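Asks: Take a look at this one; I'll ask things after.
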Amino acid sequence: MFNNKIISLIGGTGSFGKRALAYIIKNYKVKQLRIFSRDEMKQWHLQDEYKNYKNIKFIIGDVRDKESLDRAIMGSDFVIHAAATKIVPTAEINPAECIKTNIYGAMNVINSCIENKIKKIIALSTDKACNPINLYGATKLCSDKLFVSANFLEHNSTSKFSVVRYGNVMG
């Protein structure tokens, strides 16, 4: 599925992103794997860990900045969106920041993918989006709705959006 493809992993230095990176590199011969995140320290460590892989490209950027997303995903075959403000107490005391990342960031990913004619996009969600009782869950529910509805936008003729819910996992 990913062999000889270009994959952009948005939020690629987070817990899911690091596991996805390891899995993809182990199981597929990708043309290029782009790791997009705003955490330069995590990128620095991952670059060191994967320094022998010439097909991994690390890109500093934020889902809040659509222009940086546009440049990062251009030419990709797949986009996996895993960037989010995820810590529940952090979201509760910084609601505007959570909304900017989880909702406006999702809108940026959707618009960028449509404009760049990305064929397949997968957004990572959470079990907390099902009947949310906190802001994090509520913003991820909004993100989920945005991604699903993107399949029905008039100006979207090529992009297919999916959402997968990723629950709390031990280890």
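Asks: At 222 nm, what value in deg cm²/dmol follows for the chain if DSSP H runs of at least 4 each add -39500 (n - 2.57) and the sum is divided by all its residues, to the nearest 500?
Replies: -11500 deg cm²/dmol
Asks: Over all directions, average the projected area of the Cα convex hull of the chain and note it in nm².
Replies: 9.8
Asks: What residues qualify as long-range amide H neighbours of SER125, i.e. H under 5 Å apart, gap of 5 or more or another chain, H built at 1.01 Å from N?
Replies: For SER125, the qualifying residues are VAL164, ARG165, TYR166.
Asks: Once amide H atoms are built 1.01 Å from N in the peptide plane, which residues 5 or more positions from GLN32, or in another chain, come under 5 Å H to H?
Replies: Excluding prolines and chain starts, which carry no amide H, the hits are LYS5, ILE6, ILE7.
Asks: Can you tell me the length gained on complete extension of the stretch THR158 to VAL88, counting 0.36 nm per residue apart and subtracting the Cα distance?
Replies: On the way: separation 70, 0.36 × 70 = 25.20 nm, distance 3.48 nm.
Extra length from THR158 to VAL88 when fully extended: 21.7 nm.
Asks: Okay, moving on. Quick one: which of 86-93, 57-64 comes out on top by average Cβ neighbours within 10 Å, and what's the full order, highest first?
Replies: Packing proxy ranking, top to bottom: 57-64, 86-93.
Asks: Among 66-75, 43-52, 148-157, 134-143, how do they line up from the highest to the lowest mean number of other beta-carbon atoms within 10 Å?
Replies: Answer by packing, highest mean first, reads 134-143, 66-75, 43-52, 148-157.
Bear in mind these aren't lab numbers, they're just calculated from the coordinates by the rules spelled out. Since the model is a prediction, treat every value here as computed from it, not as a measurement. Neighbour counts are summed over all protein chains in view; Cβ atoms, including those assigned to glycine, are modelled from backbone coordinates with ideal geometry.
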